[in-house]
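> Structure incoming, see below.
The values are calculated or read from the model by the stated rules, or taken from the named source; none is laboratory data. Bear in mind that the values here come from a model prediction, so they are computed numbers and not experimental data. Methodologically, a virtual Cβ is constructed for each residue, glycine included, from the backbone with ideal geometry; neighbour enumeration extends over all protein chains shown.
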Amino acid sequence: MTTILVVDDEPGVRDLLRDALEIAGYQTELASNGAEALDLLRRHDADLCIVDINMPTMDGFEFLAKLREHDTVTPVLMLSARDSAVDVAKGLRFGADDYVRKPFSLEEILLRIAAILRRSAIGTSGDLVLGAGPIAMNVDRHEIIVNERPVELSATEFRLLEVLLERKDRLVTREQLLREVWNIDFDSETSVLDTYISYLRRKIHHEGFAPITTVRGVGFKLVSLNVQ
């Protein structure tokens, strides 16, 4: 059974999420701050963490930074009570996979969780390989090679690159990417897509090869022969 760790200093929020997650078929663990959550993760594995930003003792940012020192795989969904793009960007920069602003709807939380778990799963039915120029992606082994060197990507970065590779040399609209990577089917002003595109560019672009191009106001295209 999939285990989700809920980290929030508000007992009411913890209980609400626990009840909703268990009704949806997930097993839950609860922690009231980042330090307690890290201690719990030393003893029990979690498949996903839901982490509030504003907490005493150790807030969500510090928890995420410490977690990513030794664990770059476990997905993290951040909760933010502040409507601040700076907070969102900081969480994504520290290695969060997605974020939801408080107050949230349980339906949105469950959709985001399902999307994160879906894109972080590793396939087991054979090796599907996608490529473009010096990029080789083994989808089933969750491996990326660029210029014959392995590149480490988060689950979200991997899924985003996978969608672009599946449609290489074709335009992929912002709406398509938000739907297929983040399961967002509604109008959104989120900057999460632009943030993750910048992460991918840093990791796979190199001197002489910059495949991810922007079609201003429409979307992105991964061009297999885009040499600079």
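> Would you point out which residue out of R112, R14 is at pLDDT below 90 and either among the polar types (S, T, N, Q) or not in a strand (DSSP E or B) (or both)?
Details: R14 fails: at pLDDT below 90.
Exactly one of R112, R14 is at pLDDT below 90 and either among the polar types (S, T, N, Q) or not in a strand (DSSP E or B) (or both), namely R112.
> Tally the residues that are among the charged types (D, E, K, R) and over 14 Å from the mean Cα position of the chain (by Cα), restricting the search to region 147-170.
7
> Here are D39, D87, D9: which of them is farther than 24 Å from D194 by Cα, free of Cβ contacts under 8 Å to residues at least 60 places away in the same chain and in a helix (DSSP H, G or I)?
Values: D87 fails: farther than 24 Å from D194 by Cα; D9 fails: in a helix (DSSP H, G or I).
Exactly one of D39, D87, D9 is farther than 24 Å from D194 by Cα, free of Cβ contacts under 8 Å to residues at least 60 places away in the same chain and in a helix (DSSP H, G or I), namely D39.
> Out of region 158-178, which residues are of a type in the set (D, E, K, R) and touching a strand residue (DSSP E or B) at 6+ places or on another chain (Cβ under 9 Å)?
E162, E166, R167, K168, D169, R170, R174, E175
> All but one of (1) closer than 21 Å to S154 by Cβ; (2) modelled with pLDDT of 95 or more; (3) aliphatic (A, V, I, L, M) hold for L30; state the number of the condition that does not hold.
Of everything listed in (1) closer than 21 Å to S154 by Cβ; (2) modelled with pLDDT of 95 or more; (3) aliphatic (A, V, I, L, M), L30 misses just condition (1).
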